[in-house]
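Below is one structure, written out as structure tokens; comments come after it.
The values are calculated or read from the model by the stated rules, or taken from the named source; none is laboratory data. As the structure is a prediction and not an experimental result, all values here were calculated from the model. Here the Cβ positions follow ideal geometry from the backbone for every residue, glycine too, while neighbour counts run over all protein chains shown. Only protein heavy atoms, including side chains, enter the accessible area calculation; ligands, DNA and RNA are left aside. Shrake-Rupley method; radii C 1.70, N 1.55, O 1.52, S 1.80 Å.
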Number of protein chains: 2
Amino acid sequence: MQLPEVDTARMCHARQILDRVGDKWSIAVIHALGADTLRFTELKRTIHGISQRMLTATLRTLERDGLVRRTVHPVVPPRVDYELTELGMTLLGIVCSLMGWAVEHGDAIDEARAAYDARPAGSPTG
Amino acid sequence: MQLPEVDTARMCHARQILDRVGDKWSIAVIHALGADTLRFTELKRTIHGISQRMLTATLRTLERDGLVRRTVHPVVPPRVDYELTELGMTLLGIVCSLMGWAVEHGDAIDEARAAYDARPAGSPTG
DNA sequence: TTCTCCTGGTTCCGTTTGGTAACTGACCCC
DNA sequence: GGGGTCAGTTACCAAACGGAACCAGGAGAA
């Protein structure tokens, strides 16, 4: 079928990049940081479902990948700010598109899900 | 900070949609099906790292969400084709953007990762 | 007839991941 | 001096994930 030959090796590389970029928590964090620099607890409040454990792990990974910058203020109580790097900013547009898509098509997905669950046992296939 | 108020409730809804859309295997499957209709084993070959178990589960989820259409041909040996629905097509563009981003910035991420790993114990923060 | 092959898919079992929640550490307030 | 706050870690446990073997079922070979 003559796929565009996007460098199969590069594709594999992309796949492992997507292992984390395509992570739901990473997407949520990047989207949250897209609006503004946030502190740890602010992120936790913003991304309701996330646990401290995963927030920490996700932020560490994103920081390691150069997508998020972590700034520690040596004050009391401790203050740690997180913001997108320029590399992270380049991803923000896509993440926002993804978020926008989810918001826009959320109802369609719910309907499809309901329709699927209502099927007896198999669909007429066509 | 006056976030645009994108309906906090809708945002939460989007988040749970992203639970699966933001799944690495889902992204890989959608991207693979973006080029052409594929059979089960073709998908398995295309998405190298995936196991039958996860491929089956991912396809079921995507089918349930109305993103992928599953067509069973009652022939021998069994033939099952998977293709994107129109809803899936609307997501394809974003997924391709994500893939393109990963390909484009993969090296930058590798460098950032190497730099992070080379840090002694803490960064100067400034 | 019997045996194997081919494909899509499921089940069993071990590993990894993620959630819960309690704890740390330094300082402020009472 | 004890409790509270913020950022983060750790222990524990359940669920999800991955691998490999097994299942179904008809075609073709022996």
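Computed with a 1.4 Å probe over protein heavy atoms only, the accessible area of A:ILE94 comes to about 30 Å². Note on A:LYS44: lysines with a C-alpha under 20 Å away, same-chain residues under 8 apart excluded, are A:LYS24. What total accessible surface area, summed over both chains, is buried at the interface between chains B and A, computed with a 1.4 Å probe and given in Å² to the nearest 100? Accessible area lost upon association: around 5100 Å². Only the Cβ atoms of Lys and Arg (+1) and of Asp and Glu (-1) were treated as charged; on that basis the dipole of segment A:8-118 about its Cα centre amounts to roughly 600 debye. For A:ASP65, the accessible surface of its heavy atoms amounts to roughly 0 Å² (probe 1.4 Å, protein chains only, rounded to the nearest 10).
Per-residue 3J(HN,Hα) values for segment A:35-43, derived from phi via the Karplus relation 6.51 cos²θ - 1.76 cosθ + 1.60 with θ = phi - 60°, read 6, 5, 4, 9, 8, 4, 5, 5, 4 Hz in sequence order (x marks Gly and Pro). Once all protein chains are placed together, B:TYR82 keeps about 10 Å² accessible to a 1.4 angstrom probe. With its label point defined 7 Å out from Cα along the Cα-to-Cβ axis, B:MET89 lies at 3.6 nm from the matching points of the other copies, in increasing order. Relative to the other identical copies, A:ARG60 shows label-point distances of 3.3 nm, where the label point lies 7 Å from Cα along the Cβ direction and values run shortest first. Sorting B:GLU83, A:GLU104 on solvent-accessible area from highest to lowest, probe radius 1.4 Å, gives A:GLU104, B:GLU83.
At q = 0.12 Å⁻¹, work out log10 I(q)/I(0) for segment B:8-118 with the Debye formula, treating every Cα as an identical point scatterer and leaving solvent out; two decimals please. At q = 0.12 Å⁻¹ the computed log10 ratios are -0.50. Distances between equivalent label points of B:ASP117 across the copies, with each point positioned 7 Å along Cα→Cβ, amount to 4.4 nm, shortest listed first. Rounded to 0.05, the FRET efficiency of the B:VAL76 and B:GLU104 pair, given R0 = 41 Å and the Cβ-Cβ distance, is 0.40.
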